Amino acid sequence: MLKPDRLRDLLTQSIAYFQQNPDQLILQFDNGNLKLTGAASLSFEYHYDLEVIATDFPYHPDVLFVPILNFVRIEQSELLLNPANQSKITFEIEPNNHKTYDIYIKIPLTERVIVKEQEGEFTAKHGNEPQPTEWIPLERWRLYHFDRLIFDSQAQTNDDY
């Protein structure tokens, strides 16, 4: 499964806290199953819930959700585009000490694996997700509380409000 590693890379690049504290970002797989087509090939799909756990997270939860939603937009766009799926990303947040949070986010993911046989040898390749439109990559973003800047992804500031 490739998507969890892609999400970890994105969160580590986007949020300096995870660069400095990689053990505070935990990815777990739950409710996994394989969808087989029964066709002549052995191609299949992984279906699983990815639980993203951020412990002692020192920023507002939006700082975590924005890059995750950008990931979902590219890697699992039907969660945003299909009204029946728009509430399938679930979360729980536990405030710790008025300064940090433990955040638990569940994202249902699928990954297509295309298996081909040629002369008795099998190759497996993960298929790319279909992209409905061209997305603008998330390079820099800011979080405001009313007019006050409380987070800048480049400056990695954290002003409590």
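Values quoted throughout were computed directly from the atomic coordinates according to the rules given, and no laboratory measurement underlies them. Just so it is clear, the model here is predicted, and its values are computed rather than measured. Don't worry about glycine lacking a Cβ; one is built from the backbone with ideal geometry, like all the others, and counts go over all protein chains shown.
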| task | Please report, in debye to the nearest 20, how large the charge dipole of the chain is about its Cα centre when each Lys and Arg carries +1 at its beta carbon and each Asp and Glu carries -1 there. | result | 260 debye
| request: Mind telling me which of T90, T37, T55 comes out most flexible in a GNM of the chain, alpha-carbon contacts under 10 Å? | output: T37
| note | Proxy exposure order for Y144, Y46 (fewest C-beta within 10 Å first) is Y144, Y46
| task | Starting from the Cα of E45, step 7 Å along the direction of its Cβ; do the same at D102; then give the gap between the two resulting points in nm. | result | 3.4 nm
| When a footprinting reagent is the concern and you count Cβ atoms within 10 Å, what order do H98, H145 take, fewest first? | H98, H145
| field | Theoretical ellipticity at 222 nm over the chain - DSSP helices of four or more residues, -39500 (n - 2.57) apiece, nearest 500 | value | -6000 deg cm²/dmol
| field | Nonlocal Lys pairs with alpha-carbon distance under 14 Å, the chain (8 or more apart, or different chains) | value | 4
| Pair D147, L69: separation of 7 Å Cα→Cβ label points (nm) | 2.4 nm
| said: Under 10 Å, Cα contacts only: if you run a Gaussian network model on the chain, which one of L34, L25, L79 comes out with the highest mean-square fluctuation? | reply: L34
| the chain: angle of helix 3-14 to the longest principal axis, Cα-based, in degrees nearest 10 | 30 degrees
| For the chain, what is the relative contact order in percent, using Cα pairs closer than 8 Å and at least 6 residues apart in sequence? | 22 percent
| field | 0 to 90° range, to nearest 10: angle between helix 62-75 axis and the chain longest Cα axis | value | 20 degrees
| remark: So, with points 7 Å from each Cα along the Cβ direction, the Q28-D5 label distance in nm works out to 2.3 nm
